[in-house]
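Asks: If you scroll down you'll find the structure; I have some questions about it.
The values are calculated or read from the model by the stated rules, or taken from the named source; none is laboratory data. Predicted model, so just to flag it, every value in this text is computed and none were measured. Positions of Cβ are generated from backbone atoms using ideal geometry, with glycine treated the same way; all protein chains shown enter the neighbour counts. Calculation scope for accessible area: heavy atoms of the full protein, side chains included, ligands and nucleic acids excluded. Shrake-Rupley method; radii C 1.70, N 1.55, O 1.52, S 1.80 Å.
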Amino acid sequence: MSGACTRKALHMVGNAHLDPVWLWRWPEGLQAIRATFRSALDRMKETEGFVFTSSQISMYEWLEKTDPEMFEEIRERVKEGRWVMVGGWVVQPDCN
């Protein structure tokens, strides 16, 4: 391949590791979740192709109960393939 230029693609996927109850009171942890998820949703509006991942099933349950509008917005992004559910743990462990 003399002189040929090969293109490579770089894929970046946003993810946030949140410990919503570690040394925080529950309302503070919930606010961190809401702020992080809102930021991810805003990035999706700004950037075509932005993808976000998050695990921790408990965070989705809390959000569904406390902010159903945001929860529905996330459901739409999941259907689009732009918000990817990963892991499957109730909370994300620190398995170092």
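Asks: Considering only segment 52-90, state which residues are of a type outside the set (Asp, Glu), in contact with a helix residue (DSSP H, G or I) (Cβ under 6 Å, 6 or more places away or on another chain) and either open to solvent by 90 Å² or more (accessible area, probe 1.4 Å) or part of a loop (DSSP other than H, G, I, E, B) (or both).
Replies: ARG82, VAL90, listed by residue number.
Asks: Right, here's the next one. Go through segment 19-51 residue by residue and tally those that are of a type in the set (Ser, Thr, Tyr), assigned to a loop (DSSP other than H, G, I, E, B) and under 12 Å from the mean Cα position of the chain (by Cα).
Replies: Summing the residues that are of a type in the set (Ser, Thr, Tyr), assigned to a loop (DSSP other than H, G, I, E, B) and under 12 Å from the mean Cα position of the chain (by Cα) in segment 19-51 gives 0.
Asks: Can you find a residue in segment 5-18 that is in a helix (DSSP H, G or I), surrounded by 14 or more Cβ atoms within 10 Å (Cβ to Cβ) and on the phi < 0 side of the Ramachandran plot?
Replies: no
Asks: Filter segment 19-40 for residues that are closer than 18 Å to TRP89 by Cα and open to solvent by 80 Å² or more (accessible area, probe 1.4 Å) and give the result.
Replies: Of everything in segment 19-40, those that are closer than 18 Å to TRP89 by Cα and open to solvent by 80 Å² or more (accessible area, probe 1.4 Å) turn out to be VAL21, TRP22.
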